[in-house]
Amino acid sequence: MLSPKIGIAVLLTVLQVAYGQKVNSLTACLMDKTLRVDCRYENNTKSPLQYEFSLTREKQKHVLNSTMGVPEHTYRSRVNLSISHNLMSLSLKDFTQKEEGIYSCDLRASGIPNSFVTKNITVYKDKLQTCGVMSLLVQNTSWLLLLLLSLPLLQATDFECL
């Protein structure tokens, strides 16, 4: 029989893994010739996150940027990653149709087994939205909040609702 202390430690570890991190959304847009892939996540653990951005095309995986593996040499000079509070944003310069495919954001909490989470998005160049303030709001904001934010603008332009 397990001692109560061991049982509590196991339970806390399981809960930490179950509620530790989560990829909330993965979006893509095009800014000039640069593809931007935004990975919004939650990390409720004290453990630092390890990450990997990859592209799968023609059944072959290409690592673009990673702390878990080695990025492919062909992408190193074209990829930039910025990390801010709960957002990792990958930029791929000179994006072409040859780089269409399934983009993945993989996260893992350091030192916590079975804490791997992933989210995928299929990217086609001719179907990408242009990056901008409005497209970011539409992709990442609920419609109700978007409506509430636009009301002062409508009032300022003397827009009358019927």
Would you mind classifying the stretch 78-129 by shape? Square roots of the alpha carbon gyration tensor eigenvalues, ordered a ≥ b ≥ c; an a/c under 1.5 is rounded, otherwise it is prolate if a/b is larger than b/c and oblate if not. prolate
Order 118-125, 22-29 from most to least packed using the mean count of other Cβ atoms within 10 Å. 22-29, 118-125
Reported to the nearest 10 Å², VAL117 has, with a 1.4 Å probe, an accessible area equal to 40
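At a Förster radius of 25 Å, what calculated FRET efficiency corresponds to the Cβ-Cβ distance of THR130 and LYS59, to the nearest 0.05? Kindly include the intermediate steps, with their values, before the conclusion.
Details: r = 30 Å, r/R0 = 1.19.
Using R0 = 25 Å, I get an efficiency of 0.25.
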Modelled label-to-label distance, ARG78 and LYS46, 7 Å Cα→beta-carbon offset: nm? 4.2
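In what order, largest first, do ILE112, ILE102 sit by accessible area if the probe radius is 1.4 Å? Numbers along the way, then the final one.
Values: ILE112 20, ILE102 70 Å².
The ordering from most to least exposed comes out as ILE102, ILE112.
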What FRET efficiency comes out for the pair THR67/ILE121, r = Cβ-Cβ distance, R0 = 22 Å, nearest 0.05? 0.60
Beyond 23 Å (Cα-Cα) in this structure, taken from LYS61/LYS125; LYS93/LYS127; LYS22/LYS59; LYS22/LYS98, we find LYS22/LYS59; LYS22/LYS98
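The values are calculated or read from the model by the stated rules, or taken from the named source; none is laboratory data. Since this is a predicted model, take the numbers as computed values, not measurements. Here the Cβ is made from the backbone with ideal geometry for all residues, glycine too, and neighbour counts use every protein chain on show. Quick note on the areas: whole protein, heavy atoms, side chains included, nothing else; ligands and nucleic acids left out. Shrake-Rupley method; radii C 1.70, N 1.55, O 1.52, S 1.80 Å.
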